[in-house]
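Below: one structure, written as structure tokens.
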Amino acid sequence: MIVVELISGRTLDQGATVEEKLSEEYFRAVNYVGLSEEDFKSLGLKEGDAVRVSTDFGEVVVFAKKGELPKGMAFIPMGPYANAVIDPATDGTGMPQFKGVKAKIEKTDEKVKTVKELLEAI
């Protein structure tokens with residue numbers, strides 16, 4: 001298990017598929033966490049392994065990808081998977097904080113839920 005600072009944001013793939021949230025393309029665009037190569041190796045991961053991301057606000061299982069991130073930083077694209085683990089408070093802005101959430105990440109054998117399965121579980 002590692003502890004990271006989790007951030008979220010828009011990506012080109014997420015933005016291009018956002019209108020079809022139940023499509024396979026959207027699922028692939030938002031169902032992963034990007035990790036540094038060093039963090040990836042420390043967890044003994046292979047590209048596409050499933051990991052559990054846990055924060056004080058929830059947990060979600062996503063696929064792991066190597067990203068160009070510094071050690072100790074993780075990125076999940078904006079969408080239902082990121083929403084499962086970020087602080088829902090908006091402080092009156094109508095938009096939650098998508099940056100700087102402390103998260104634990106560990107390898108798991110659990111299945112990554114589809115967008116529909118994830119939303120039905122909420």
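Of these, Glu19, Glu47, Glu38, which one is surrounded by fewer than 16 Cβ atoms within 10 Å (Cβ to Cβ) and part of a helix (DSSP H, G or I)?
Residue meeting the stated conditions: Glu38.
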Open item on the list: If a residue must be in contact (Cβ under 8 Å) with a residue 60 or more places away in the chain, touching a helix residue (DSSP H, G or I) at 6+ places or on another chain (Cβ under 9 Å) and within 14 Å of Lys113 (Cβ to Cβ), how many such residues does region 31-60 contain?
Closed with: 1
Open item on the list: Can you list residue pairs whose Cβ atoms sit under 8 Å apart, with the first residue in region 14-30 being closer than 16 Å to Leu119 by Cα and the second being aromatic (Phe, Trp, Tyr) and part of a helix (DSSP H, G or I)? Count only pairs 6 or more apart in sequence or on different chains.
Closed with: Val18/Tyr26; Glu20/Tyr26; Val30/Tyr81
Task: Restricting region 111-122 to residues that are surrounded by 11 or more Cβ atoms within 10 Å (Cβ to Cβ) and assigned to a loop (DSSP other than H, G, I, E, B), the residue that is modelled with the lowest pLDDT - done: Thr114
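Within region 68-105, which residues are in a strand (DSSP E or B) and either modelled with pLDDT under 90 or surrounded by 13 or more Cβ atoms within 10 Å (Cβ to Cβ) (or both)?
So in region 68-105, the residues in a strand (DSSP E or B) come out as 73-77, 101-105.
Within region 68-105, Met73, Ala74, Phe75, Ile76, Pro77, Val101, Ala103, Lys104, Ile105 meet the criteria.
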TODO: Go through the residues of region 3-16 one by one and say whether even a single one is in a helix (DSSP H, G or I), at pLDDT below 90 and in contact with a helix residue (DSSP H, G or I) (Cβ under 6 Å, 6 or more places away or on another chain).
DONE: yes
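The values are calculated or read from the model by the stated rules, or taken from the named source; none is laboratory data. Here the structure is a predicted model, which means the values were calculated and not measured. Virtual Cβ from ideal backbone geometry, glycine too; neighbours counted across all protein chains shown.
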